[in-house]
Amino acid sequence: MVVAAVKAAFDAVGIVAGNQLPTHQCSHLSTGNEFILSVTEDEQFLDLSEKDGTLIETVYDGGVLNKPSVTDNGEQIVFVNDNHEIMGVEIAFNSANSIQYNVGVVSEDTIWRNAAISKDGRFLAGLTTEYDNKVIIFDLADPLGPTPREYFLVNPTFTQATPWVDNVAYADVLEFDYSGQYLVYDAYSLIENVDGEDLSHWDIGLLKYWENGEFTPIDTPQIRKLITGLPDHVGVADPAFAKNNLNYFAFDYYIELPNGGTEYRTHVANAETNKNGPVVSNGLELGYPCFTTHDDHVLFQDQSLFGGLNLRTQKLSANKMEPMGNPANIVLGHKWGTWLNNSTRALTPAVNSTSGQSKLNLPITVSPNPNNGRAIVSLTMPENSQAELQVLNLFGQVLRQQKLQLTTGENSIDLHLEPLTSGTYFIRMTTEQMQGVVKFAKQ
């Protein structure tokens, strides 16, 4: 009866039509090495494993409050630690099972409960411990420093008179899409049904935060619902886009049963065809799903026979909405799994654009590249100018800065960067009229 009830409830659910989502195909499939990032059951350690579950490295041991968020190339990770700070990890993949990494604090403000980084590393989104209906988004490419935009999350009504209602209590899980325009989230809302009863439910929203090279207006939020027609006592949560076609997404689906229990499943939907299907029965646990590199499996968490949590994979059919075979254990004693790949596809790099700034491009070079901490920055100036040179990490944080007086013609600046750990960095040169950015690696 439980299975029948779940199916009947989901039959009433509608996935948004294909024209509600941007058409986006990544430039090519990832071809690099595959890894799994996950958190131990006690939420203490952040572990990086090979795709077969073999542990490579514990990259953080100070407590993790939420599922980590990863860029498309796997080089940047953000999460919130036990102290409610946003933490960042930069990873350099030397080989399939050899890495170098650097851990730092992205935000020292102890106000955060969840954070996500965009697939290209440009944007950072955060939720605070206030548990309000607000999401804060930073543009890490802003040459004047990341400026936050606060979007209030609302529920659309699809009427001109009242386009939305303010009944969202708070959001929980965040993920950026691959087009660089949308943030998907799950939200807890309080509503009143036709009988006047106060009800609560979880659903999934899609916020368009970026359009035509700038943030969308905060006073007229562009928000849609990915799933509509949810009946009472049914909810959806934990959305995750497929890695190669934005029309597909996975999510957790649950129904509150009359006996007080809850039945959980993981579903995959195709927004273009308006079809969906259950691929995993999670029983007593939310799955927090994500797709593997080629979208042919879903990685999810499930409760073991002995009460602990394991990460498992479920193979998908060609249409991605039907399971094939049985799930397989992949990482034991872990939760909040993310499947990542260390290849680089044609996505916009974090600090190579300037939030709609009108500054002219300033070509600069750095040599040698890679270097051991000693480097020369070279550029040609059309006129004498005052400038600021900044060294940034992959998260757009300024690590070093200095004022310079540049002269007409060739300019060379000798940099001493030995204190930097091995990894990838950016040098940004800014004058009143011009700006240039160059990427380099320190060995």
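Computed on the Cα trace of the stretch 167-206, the radius of gyration divided by the Kirkwood hydrodynamic radius gives Rg/Rh = 1.14. Of N114, L190, T421, which is farthest along the charge dipole of the chain in the positive direction, counting Lys and Arg as +1 and Asp and Glu as -1 at C-beta? Final value for the positive-end residue is T421.
With respect to the chain, whose longest principal axis is taken over its alpha-carbon atoms, helix 2-11 is tilted by about 60°. Taking P156, P258, P231 as the candidate residues, the one with maximal mean-square fluctuation in a Gaussian network model of the chain, Cα springs under 10 Å, is P258. Measuring nothing but protein heavy atoms, the accessible surface of the stretch 401-443 at 1.4 Å probe radius is 49 percent carbon and sulfur. Note: relative contact order over the stretch 157-299, using C-alpha pairs below 8 Å and six or more positions apart, is 15 percent.
Annotation: per residue accessible area for the stretch 165-267 equals 38 Å², rounded to a whole number [probe 1.4 Å, protein chains only]. Each of Q443 and D172 was given a label point 7 Å from its Cα along the Cα-to-Cβ line. The distance between the two points is 4.8 nm. Only Lys, Arg, Asp and Glu carry charge here, each on its Cβ (+1 for the first two, -1 for the last two); on that basis the stretch 159-281 has a dipole of about 580 debye about its Cα centre. Each part gets one Cα centre, and for the stretch 45-98 versus the stretch 267-321 those centres are 22 Å apart. Across the stretch 226-269, Cα pairs under 8 Å and at least six residues apart give a relative contact order of 32 percent. Enumerate the whole-percent occupancy of each 20 Å bin, from 0 to the last occupied one, for all C-alpha pair distances of the chain. The calculated distribution, bin by bin, is 24, 55, 19, 2.
Given a Förster distance of 51 Å, report the FRET efficiency between T421 and D195 from their Cβ-Cβ distance, rounded to the nearest 0.05. Each step should come with its number before you reach the end.
On the way: r = 60 Å, r/R0 = 1.19.
Approximately 0.25, to the nearest 0.05.
Extension gain, S98-T228: 0.36 nm per intervening residue step, less the Cα-Cα distance, totals 42.3 nm. Remark: relative contact order (the chain) = 15 percent; criterion is Cα-Cα distance under 8 angstrom and separation of 6 or more residues. Working note: 222 nm ellipticity from helices only, DSSP H runs with n ≥ 4, each -39,500 (n - 2.57), summed and divided by the residues of the chain, gives -500 deg cm²/dmol to the nearest 500. Taking each residue as 0.36 nm, the span from E211 to A318 lengthens on full extension beyond its C-alpha to C-alpha distance by 35.2 nm. Based on the Cβ-Cβ distance of L332 and D219, what FRET efficiency does E = 1/(1 + (r/R0)^6) give at R0 = 45 Å, to the nearest 0.05? Result of the calculation: an efficiency of 0.40. About its Cα centre, the chain has a charge dipole of approximately 1360 debye under the convention of +1 per Lys or Arg Cβ and -1 per Asp or Glu Cβ, with nothing else charged. Rolling a 1.4 angstrom probe over the protein heavy atoms with all chains in place gives the stretch 60-145 an accessible area of 32 Å² per residue.
When the pairs K315/K335; K208/K439; K134/K442; K225/K320 are compared against a 27 Å limit on Cα-Cα distance, K208/K439; K134/K442 fall above it. Okay, which of the stretch 232-272 sit inside 14 Å, backbone N to the point 7 Å along the Cα-Cβ direction of V165? Correct set: 232.
Using 11 Å as the cut-off for backbone N distance, which residues of the stretch 100-126 belong to the label zone defined by a point 7 Å from the Cα of N83 along Cα→Cβ? In the stretch 100-126, the label zone of N83 (backbone N under 11 Å from the point 7 Å along Cα→Cβ) covers 105-110.
Note on E383 and K275: the model spin-label points, each 7 Å out from Cα along the C-beta direction, lie 6.3 nm apart.
Simple spin-label estimate for E108 and Q303 gives 4.2 nm between the two label positions (7 Å along the Cα-to-Cβ direction from each Cα).
How much FRET efficiency would the formula 1/(1 + (r/R0)^6) give for T157 and L257, where r is the Cβ-Cβ distance and R0 is 22 Å, rounded to 0.05? Could the numbers behind the result be given before it?
Details: r = 30 Å, r/R0 = 1.35.
My answer for the efficiency is 0.15.
The values are calculated or read from the model by the stated rules, or taken from the named source; none is laboratory data. Just so you know, these numbers come straight off a predicted model, no measurement behind them. Note that each Cβ is placed from the backbone with ideal geometry, even for glycine, and that neighbours are counted across all protein chains shown. Protein only, heavy atoms only, side chains kept; ligands, DNA and RNA dropped before computing areas. Shrake-Rupley method; radii C 1.70, N 1.55, O 1.52, S 1.80 Å.
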